[in-house]
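> If you scroll down you'll find the structure; I have some questions about it.
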Amino acid sequence: MKDHVTIFDTTLRDGEQSPGASMNAAEKLRLARQLEKLGVDVMEAGFPASSPGDFESVQAIARKIRNVQVTALARTSKGDIDRAWEAIREAANPRIHTFIATSDIHLKHKLNMDRDQVVREAVEAVRYAKGFTDNVEFSTEDGTRSDRDYLCRIFEAVIEAGATTVNLPDTVGYAVPEEYAQLITYVREHTPNIHKAVMSVHCHNDLGLATANTLAGITAGARQAEVTINGIGERAGNTSLEEVVMALHTRRDLIKLTTSVTANQIHPTSRLTSLITGIVVQPNKAVVGANAFAHEAGIHQDGVLKNPMTYEIMDPETVGLSSNRLVLGKHSGRHAFRTKLSQMGYELSKEELNRLFQKFKELADKRKEILEEDIEALVAEEILRVPDVYELDYLNVVSGTVEVPTATVKLKIRGKEAQSAGFGVGPIDATFNTIAKMTGSNSKLMRFSVNAITGGMDAQGEVTVRLQENGLVALGKGADPDIITASAKAYINGLNRLEYMKKNPRLSPSEGLR
Ligand code: KIV
Ligand code: ZN
């Protein structure tokens with residue numbers, strides 16, 4: 001009999017801690033629905049004590065998601081646990097996840113507590129959380145740099161207090177696979193009541209070992225893997241869900257462990273995550289990168305044509321890459337459009353579909369063929385991005401070899417129309433200067449990049465910007481056949497994200513750690 005591994009997705013919590021990735025409540029809910037469709041067992045919806053905005057989005061998710069356990073993170077304080085419970089109490093299957101650091105480095109320099117105090121605090125937190133729900137997870141932050149006998153001691157104490165899952169994170173991505181496996185084995189063998197709880201692994205990717213460590217941990221007996229879509233997360237990110245799930249699926253001959261994930265939802269979920277967070281998936285990323293199933297070398301192409309098994313260890317369709325790349329054009333009707341959207345994993349309301357269909361027709365007038373990537377860009381702009389504060393109404397730019405580049409911009413600012421014009425050294429500079437003047441933004445443009453979404457002379461340009469203001473970093477994305485318009489959209493999207501972050505300040509790092 002194969003053992004089951006619980007997939008605990010933390011894209012909405014640890015994933016959201018990626019620089020610039022913050023999502024608004026509507027975006028989080030949309031992603032949560034897709035995670036439910038993907039078939040994860042548990043989703044960590046957020047850290048309610050970190051900001052009122054996070055509290056509200058966790059609450060909205062808990063109210064709507066019915067088929068997946070919804071959990072919220074809390075430090076060991078009663079205030080945090082109250083807040084977490086308040087946010088998830090209406091979930092069909094709620095879980096409280098509480099944590100405290102256990103390494104001597106953290107105890108001395110961050111918590112200023114001794115080991116006994118930390119055990120007492122952890123036990124009290126678990127007992128307190130048990131007063132709300134039976135389903136309580138406890139994590140030892142910086143677990144892999146903690147004394148292993150101390151880990152056993154604290155796990156024994158929290159399980160005694162009622163923890164049903166105990167998680168041993170590699171918070172700083174320091175472990176190597178064999179060592180992590182040995183640590184999990186040690187803890188399982190030396191914690192007398194460990195059989196009363198599910199042991200969990202949670203890895204960060206600072207040395208590029210997160211997936212390897214996670215697999216090592218579960219082969220050593222852990223039965224929950226904490227992961228994120230596309231591996232997004234703090235610093236170098238977390239273990240990526242798709243890598244763990246597909247490693248277990250592809251090597252089922254060797255590793256006798258299963259998950260409940262619906263593999264063909266992996267690609268739609270990866271794309272949605274990237275669209276919502278603005279974090280581009282690197283082309284060579286395993287399973288979900290644009291080149292993951294591309295064969296460039298002649299010998300490889302020849303082999304794949306003869307039999308895909310020669311160079312493909314996974315069938316692209318298994319992970320949701322459709323071979324039926326139905327191309328749409330200006331004669332395509334609403335039915336074909338809706339079918340395509342649904343094949344791509346987007347289920348839209350009637351109103352959303354109508355809005356998107358109109359935008360699709362406008363684009364089809366400019367381009368001969370509309371590919372999946374174009375449709376994705378439309379979905380991102382029209383449906384996924386909730387225009388919080390600023391919306392682009394109109395843009396006209398004059399530029400050339402003799403003219404001074406000038407932009408005339410019309411915006412809706414909190415619903416009110418505003419218009420202005422400005423200059424710059426080039427058309428994009430003129431556009432950004434004008435928008436910055438109209439919005440009063442002091443943000444700095446840290447990065448600007450343009451990609452052609454699809455090939456051909458009439459390809460859509462996709463612009464990504466990275467904006468920084470008073471220590472906050474936001475990514476913005478925009479797509480359009482006209483790259484100046486795409487740039488304006490990306491800039492405005494970045495400004496909206498900054499506004500959202502200002503309204504929902506997260507805990508400062510020092511507060512967050514204690
Ligand atoms: O990396 C970590 O230690 C965490 C814990 C809060 C689980 O994210
Ligand atoms: Zn983490």
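> Could you check the simple spin-label distance between E391 and V404, using points 7 Å along Cα→Cβ, in nm with one decimal?
With each label point 7 Å from Cα toward Cβ, the separation is 3.3 nm.
> Also, quick follow-up: Can you give me the distance in nm between label points at S322 and K37, each placed 7 Å from the Cα along the Cα-to-Cβ direction?
1.1 nm
> Give the calculated FRET efficiency between R252 and T310 to the nearest 0.05, with a Förster radius of 25 Å applied to their Cβ-Cβ distance.
Numbers: r = 21 Å, r/R0 = 0.82.
My answer for the efficiency is 0.75.
> Using a 1.4 angstrom probe on the protein heavy atoms only, could you order K78, K502, K110 from most to least accessible area?
The residues order as K78, K502, K110, largest area first.
> At 1.4 Å probe size, what's the solvent-accessible area of H4? Round to the nearest 10 Å².
Accessible surface of H4 is approximately 80 Å².
> Here is a follow-up. Kindly flag which residue pairs out of K350/K410; K350/K503; K416/K437 have an alpha-carbon separation exceeding 21 Å in this structure.
Pairs exceeding 21 Å: K350/K410; K350/K503.
> Which percent of the accessible heavy-atom area of the chain goes to carbon and sulfur, probe 1.4 angstrom?
50 percent
> Calculate the dipole size of the stretch 298-382 relative to its Cα centre from +1 charges on Lys and Arg beta carbons and -1 charges on Asp and Glu beta carbons; express the result in debye to the nearest 20.
Computed charge dipole of the stretch 298-382: roughly 480 debye.
> Additional query: Take every DSSP beta bridge whose two residues both sit in the chain, then give the antiparallel share in percent to the nearest 5. Kindly include the intermediate steps, with their values, before the conclusion.
Working: 35 of 71 bridges.
Around 50 percent of the beta bridges assigned by DSSP in the chain are antiparallel ones.
> What is the log10 of I(q)/I(0) for the stretch 298-382, computed with the Debye formula using one identical point scatterer on each Cα and no solvent, at q = 0.13, 0.16 Å⁻¹?
Debye intensities relative to I(0), on a log10 scale: -0.52, -0.68.
> Roughly how many Å² of E16 are accessible to a 1.4 Å probe, to the nearest 10?
Probe radius 1.4 Å; accessible area of E16 about 10 Å².
> Separate question: Based on the mean of other beta carbon atoms within 10 Å per residue, what is the order of 311-318, 206-213, 355-362, most packed first?
In descending order of packing, they fall as 206-213, 355-362, 311-318.
> Run the simple label-point estimate for K330 and K196 please: 7 Å along Cα→C-beta, distance reported in nm.
7.1 nm
> Placing unit charges on C-beta atoms (Lys and Arg positive, Asp and Glu negative, everything else neutral), compute the dipole magnitude of the stretch 22-159 about its Cα centre in debye, rounded to 20. List each step's numbers first, then the result.
On the way: 21 positive and 22 negative charges, 80 e Å.
Result for the stretch 22-159 is approximately 380 debye, rounded to the nearest 20.
> Further question on the same structure: For S342, what accessible area in Å² do you get when you roll a 1.4 Å probe over the heavy atoms of the protein chains, rounding to the nearest 10?
50 Å²
> Rank A62, L241, A163 by how far each Cα sits towards the positive end of the charge dipole of the stretch 6-277 (+1 on Lys, Arg Cβ; -1 on Asp, Glu Cβ) and give me just the farthest.
A62
> Which value in deg cm²/dmol, rounded to the nearest 500, describes the helix-derived mean residue ellipticity at 222 nm for the chain, given -39,500 (n - 2.57) per DSSP H run of n ≥ 4 and division by the residue count?
When only DSSP H runs of four or more count, the value is -12000 deg cm²/dmol.
> What FRET efficiency comes out for H4 versus E382 if R0 is 51 angstrom and r is the Cβ-Cβ distance? Round to the nearest 0.05. Write down the numbers at each step before the final one.
Numbers: r = 39 Å, r/R0 = 0.77.
The formula returns an efficiency of 0.85 here.
> Let me ask something else. Across the stretch 6-277, how many lysine pairs, 8 or more positions apart or on different chains, have C-alpha atoms separated by under 18 Å? Please give the number.
Lysine pairs, 8 or more places apart or on different chains, close enough: 5.
> Heavy-atom accessible area per residue, the chain, 1.4 Å probe: how many Å²?
Normalised by residue count, the accessible surface of the chain is 43 Å².
> Considering only the other residues whose Cβ falls under 15 Å of the Cβ of N93, what net charge follows from Lys and Arg at +1 and Asp and Glu at -1?
So the surrounding residues net to -2.
> In whole Hz, with x marking every Gly and Pro, tabulate ³J(HN,Hα) for the stretch 278-283 from phi via Karplus 6.51 cos²θ - 1.76 cosθ + 1.60, θ = phi - 60°.
My calculation for the stretch 278-283 gives x, 8, 6, 7, 4, x Hz in order.
> How much length would be gained if the chain were fully extended between H300 and D134, taking 0.36 nm per residue of separation minus their Cα-Cα distance, in nm to one decimal?
This chain segment gains 54.4 nm when fully extended.
> If I stretch the segment between V450 and E352 completely, what's the gain in nm (0.36 nm per residue apart, minus their alpha carbon distance), one decimal?
32.5 nm
> To the nearest 0.05, how large is the calculated FRET efficiency for R66 and V280 if R₀ is 22 Å and r is the Cβ-Cβ distance?
The value I calculate is 0.10.
> Here's a follow-up. Excluding L35 itself, what net charge comes from residues whose Cβ is under 11 Å from its Cβ, given Lys and Arg +1 and Asp and Glu -1?
So the surrounding residues net to 0.
> Report the local net charge at T6: Lys and Arg +1, Asp and Glu -1, summed over other residues whose C-beta lies under 10 Å from its C-beta.
-1
> Would you mind calculating the relative contact order of the stretch 6-277 from Cα pairs under 8 angstrom and at least 6 residues apart, reporting the percent as a whole number?
Reported as a whole number, the value is 20 percent.
> Between the stretch 343-359 and the stretch 178-235, what's the alpha-carbon centroid distance in Å?
40 Å
> When the Cα centres of the stretch 265-337 and the stretch 6-65 are compared, how far apart do they sit, in Å?
26 Å
> Express in nm, to one decimal, how much length is gained between D482 and A236 on full extension, taking 0.36 nm for each residue of separation and deducting their alpha carbon distance.
That works out to 85.2 nm of additional length.
> Mind checking which of P19, L151, V40 is farthest towards the positive end of the stretch 6-277's charge dipole, using Cβ charges of +1 (Lys, Arg) and -1 (Asp, Glu) about the Cα centre?
Of the options given, the answer is V40.
The values are calculated or read from the model by the stated rules, or taken from the named source; none is laboratory data. What you see is a predicted model; the values in this text were computed from it and never measured. Neighbour counts are summed over all protein chains in view; Cβ atoms, including those assigned to glycine, are modelled from backbone coordinates with ideal geometry. Keep in mind that these areas ignore ligands, DNA and RNA; they rest on the heavy atoms of the full protein, side chains included. Shrake-Rupley method; radii C 1.70, N 1.55, O 1.52, S 1.80 Å.
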